[in-house]
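Notes follow the structure.
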C-alpha cells in the first residue's frame, strides 16, 4: 500500500472573478513546479447579492465551508500550510494561514461598504504568519500592522504573451491588427465603461480619414450594457462580444491596436497587463488602487495616460510609437512565469514549510 503523506499546501481559492481564478491556477502550477504537493478548495459560487457587505459575507462563508470540507478529508494527514486567496477568503478562516491579496478591504471597501470587513481584516492580517500581496502597492494600501516586520513576500500574477514565438508559425505571429480598440468590461461601472464609450464617440468624431474604426467590448453582455446604450456611437463603431473563453479573448487582443480603459478603481489590472503582453497599446486614465500597469503605461508613452481619453485614443491610433510593443515586453519581465517561479521556489515555499 502506498504511503499517505500530508499535502504541502492547501489553497483556499475564492474565485469570485476570472482574475482571481487565473491567479490561483497560476499559483498552484508554480508551487507544483517547485516540487510541492497542492490541494485546492473552491467554494460554490453563491447567488448575486445587492450589497458589497452581504456579498463579502456570503463569499466568506462559502470559502470557509470549502476549506472545512477539504480539511476534514485531510484530518489524518492535514496540509502543512494553507494559503487563503484574498482577504475575503480569510475572514472566517477555520485555520490560520498565509493570505494572498491584490487589494484589501481597507482600500476597496470604503465607508459603509466595508463596515464589518475592515476590522476583521485587520485582525486576520495581524494573525497571518505570511502575507502574499500581488504588488508592493497592494501591500502599501494594507493597514500598518500588515506592513510591519518581515512577513510579506510580493508575488505578482504571471502574465505572458498568449502566442509563444517558438510554438507558432511566422504567419500566426504577424497577426493583422484589424481591430482599432478593445476594452474589458466585466464590471462596467468599476471599469468606467461609460467614460470609455463617451471618449470613443469623441475619438470617432475627431478621426482624420474615412477609415472605419471599431471598439470591441468584451466581458459583459449586451443586456448588461443596455443602460449605457445611449453612449455608444450610432450606426457603427461599437461591437459587444460578451464573455469569452480566455483563448478567444486573447485572440482578439492580438488583433487590437489599442486597449482602452478608464477604471474608477483598479485593484491590479490583469486585463491591462495581458493587453501589453499581446502587443496592444494601453490607453488609460489614472485610477486609485494598486494599478500595476499604470506606471508601465506612463513609461511606455505618457501621451496615452490621462483624463483626455479621446485625445489619447487618437494619439495611439494615428501616431503610435514604433517600438511600443517591444519595450512593453521588456517592462513585463518581472511579471513573467519564470520570475514568479523564482519567487515561489526561493522565497515562498521555504517560508511556507518552515
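The values are calculated or read from the model by the stated rules, or taken from the named source; none is laboratory data. Source: prediction; values computed, not measured. As a convention, Cβ positions derive from the backbone with ideal geometry for all residues, glycine included, and neighbour counts pool all protein chains shown.
Things worth noting here:
- Residues within region 42-65 that are buried (at least 17 other Cβ atoms within 10 Å of the Cβ) and either outside any helix (DSSP H, G or I) or over 22 Å from the mean Cα position of the chain (by Cα) (or both), tallied: 3
- Filtered residues of region 260-274 (kept if in contact (Cβ under 8 Å) with a residue 40 or more places away in the chain, touching a strand residue (DSSP E or B) at 6+ places or on another chain (Cβ under 6 Å) and under 16 Å from residue 160 (Cβ atoms)): 271
- Region 292-311, subset crowded, with 22+ Cβ neighbours inside 10 Å and touching a residue at least 40 places away in the same chain (Cβ under 8 Å), residue farthest from residue 101 (Cα to Cα): 309
- Every listed requirement among (1) under 23 Å from residue 246 (Cβ atoms); (2) in a strand (DSSP E or B) is met by residue 15 save one, (2).
- Tally of residues being in contact (Cβ under 8 Å) with a residue 40 or more places away in the chain, within 22 Å of residue 275 (Cα to Cα) and in a loop (DSSP other than H, G, I, E, B) across region 200-218: 1
- Search result, residues across region 104-128 that are surrounded by 20 or more Cβ atoms within 10 Å (Cβ to Cβ) and not in a helix (DSSP H, G or I): 104, 109, 128
- Looking only at region 129-178, and only at residues there that are in a loop (DSSP other than H, G, I, E, B) and in contact with a strand residue (DSSP E or B) (Cβ under 6 Å, 6 or more places away or on another chain), the one that is modelled with the lowest pLDDT: 151
- Matching residues in region 43-64 - criterion: being touching a strand residue (DSSP E or B) at 6+ places or on another chain (Cβ under 9 Å) and modelled with pLDDT of 95 or more: 63, 64
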